[in-house]
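A.B. asks: One structure, as structure tokens, below. Some questions next.
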Amino acid sequence: MAGTSNPTQIDGQLFEFLLRQGDNVLVLGHRTSEWCGVAPALEEDIALTNTALDLIGQTQLWLGYAGEVEGKGRSANDLAFLRDVYDFRNVLMLEVPNEDFGRTLMRQFLFDAFQVPWLTALCASSNQNVADIAAKSVKEAIYHLDRSTETVIALGDGTEESNARMQSALDYLWPYVGELFGEDDVDKAMHEAGVAPMPATLRGDWETTVNSTLSQACLTLPDSKFAHSGGRTGFRHTEHLGHMLATMQTLQRSYPGAAW
Amino acid sequence: MSKEWPLWEVFIRGQHGMSHRHVGSLHAADSEHAIKNARDVYTRRNEGVSIWVVEAEQITASSPSDKGPMYDPARDKVYRHPTFYDIPDEVGKM
């Protein structure tokens with residue numbers, strides 16, 4: 001594709017790339033925020049809310065820059081609150097319901113284990129804005145990974161019930177992890193422009209982290225290689241994203257333009 | 001056996017050169033977990049550069065009922081304060 005792409009195509013693909021980054025953290029941030037006030041312990045409640053706020057902060061940077069690149073005057077808020085399901089570009093794993101504390105933390109862990117090497121690689125992006133956002137975000141991601149790793153091990157290697165819940169969370173989420181390493185024209189264009197590595201090149205790092213943590217957590221890696229897809233291209237989201245957006249966007253939908 | 005996490009006392013150093021100050025307590029499964037919880041509960045508004053946690057039951061405290069014998073004898077020993085010296089004006093502020 002390189003050489004045949006004109007600048008507009010590159011901008012269009014950069015916009016798609018930025019939506020993927022922003023929507024991942026927006027959707028996970030919103031899901032995490034659903035624990036506010038109802039987490040199993042006060043300390044976890046505050047920690048999860050901090051994580052949610054970190055993710056929403058990262059969203060503002062990614063979607064803010066996406067709006068600039070798009071050049072149609074849309075702000076981060078417009079992109080977050082005024083797009084519909086099929087305009088979202090997050091991976092499917094992040095939009096499925098929290099279910100219980102175990103699945104919430106397992107998902108956080110599987111995503112953090114990707115996000116840390118991914119953001120670390122983006123710090124060397126040829127695009128200075130991407131590199132700057134990654135450098136700010138990666139410190140938060142490292143702490144999130146620290147925390148989710150510890151919780152996955154504690155619950156996996158905990159009681160019979162906590163182990164069973166973590167195993168069932170892992171089994172449920174496993175078919176969704178493959179999408180993190182998907183590749184399409186947007187990935188290739190970003191790779192050729194030096195903006196980002198191909199996600200698949202991070203799979204080895206990710207597997208090292210995941211295998212070591214899950215074995216300490218006394219959990220069994222599912223055998224299946226099946227991978228759902230459709231979230232990061234917007235082709236097909238799960239039924240859950242629409243419900244989530246209905247809650248998340250209700251204020252802007254009911255009172256368009258409402259501001260503090 | 002209680003299923004409640006043990007209680008930890010949290011000490012935070014606000015800036016380099018200052019001493020750690022007791023800021024409160026929280027529950028956590030172990031000391032590493034307590035440090036992380038303390039980070040999230042007590043430093044989220046940029047309050048600290050260092051955290052200590054101590055399991056509350058490891059702290060030995062003086063008993064409030066011993067207050068008389070413990071502290072009253074020191075109340076009338078004013079000569080233990082360095083307040084009986086005349087400081088020449090030339091010394092300035094001490």
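A.B. asks: Which whole-Hz couplings ³J(HN,Hα) result when phi for each residue of the stretch A:249-258 is put into the Karplus expression 6.51 cos²θ - 1.76 cosθ + 1.60, θ = phi - 60°, listed in order with x for Gly and Pro?
C.D. replies: Residue by residue, the stretch A:249-258 yields 9, 4, 5, 5, 6, 7, 10, x, x, 4 Hz.
A.B. asks: Further question: Please give me the summed charge of the neighbours of A:Phe109: other residues whose Cβ is under 13 Å from its Cβ, Lys and Arg +1, Asp and Glu -1.
C.D. replies: Neighbourhood net charge equals 0.
A.B. asks: Further question: Apply the Kirkwood formula to the stretch A:56-151: the hydrodynamic radius equals the inverse of the mean of 1/r over all pairs of different alpha-carbon atoms; give it in Å with one decimal. Walk me through the numbers on the way to the answer.
C.D. replies: Values: mean 1/r = 0.0679 Å⁻¹.
Averaging 1/r across every pair of different Cα atoms and inverting gives 14.7 Å.
A.B. asks: Another question, then. List, in order, the whole-Hz ³J(HN,Hα) value for each residue of the stretch A:31-42 obtained from phi through the Karplus relation with A = 6.51, B = -1.76, C = 1.60 and θ = phi - 60°; use x for Gly and Pro.
C.D. replies: 4, 5, 5, 5, 7, 4, x, 10, 5, x, 9, 3
A.B. asks: Starting from one equal scatterer on each C-alpha and no solvent at all, send me the Debye-based log10 I(q)/I(0) for chain A at q = 0.15, 0.17 Å⁻¹, two decimals.
C.D. replies: -1.10, -1.42
A.B. asks: Hey, how much of the P(r) for the stretch B:7-89 falls beyond 22 Å, as a percent of Cα pairs? Intermediate results must be reported in sequence, preceding the final value.
C.D. replies: Numbers: 1733 of 3403 pairs.
Tail fraction, whole percent: 51.
A.B. asks: So what's the gap between the Cα centers of the stretch B:51-89 and the stretch B:28-48, to the nearest angstrom?
C.D. replies: That distance is 30 Å.
A.B. asks: Let me ask something else. Which angle between 0 and 90 degrees, to the nearest 10, do you get for helix B:31-42 versus the longest principal axis of chain B when only C-alpha atoms count?
C.D. replies: It works out to around 70 degrees.
A.B. asks: Local charge sum around A:Arg165 (other residues, Cβ-Cβ under 14 Å, Lys/Arg +1, Asp/Glu -1)?
C.D. replies: Once all neighbours under 14 Å are counted, the net charge is -4.
A.B. asks: Okay, next question. Compute the long axis of helix A:160-177 from its Cα atoms, compare it with the longest principal axis of the Cα atoms of chain A, and write down the angle in degrees, 0 to 90, nearest 10.
C.D. replies: 20
A.B. asks: Oh, and also: What's the local net charge at A:Val138, with K and R +1, D and E -1, over the other residues with C-beta under 13 Å away?
C.D. replies: Neighbour charge sum, excluding A:Val138 itself: -3.
A.B. asks: Starting at the first residue of the stretch A:223-233, write each ³J(HN,Hα) from the Karplus equation 6.51 cos²θ - 1.76 cosθ + 1.60 with θ = phi - 60°, in whole Hz, x for Gly and Pro.
C.D. replies: 7, 5, 9, 4, 9, 5, 8, x, x, 6, 9
No lab work stands behind these numbers, since they all come straight from the coordinates. As the structure is a prediction and not an experimental result, all values here were calculated from the model. Glycine also receives a Cβ, built like all others from the backbone with ideal geometry; neighbour counts cover every protein chain displayed.
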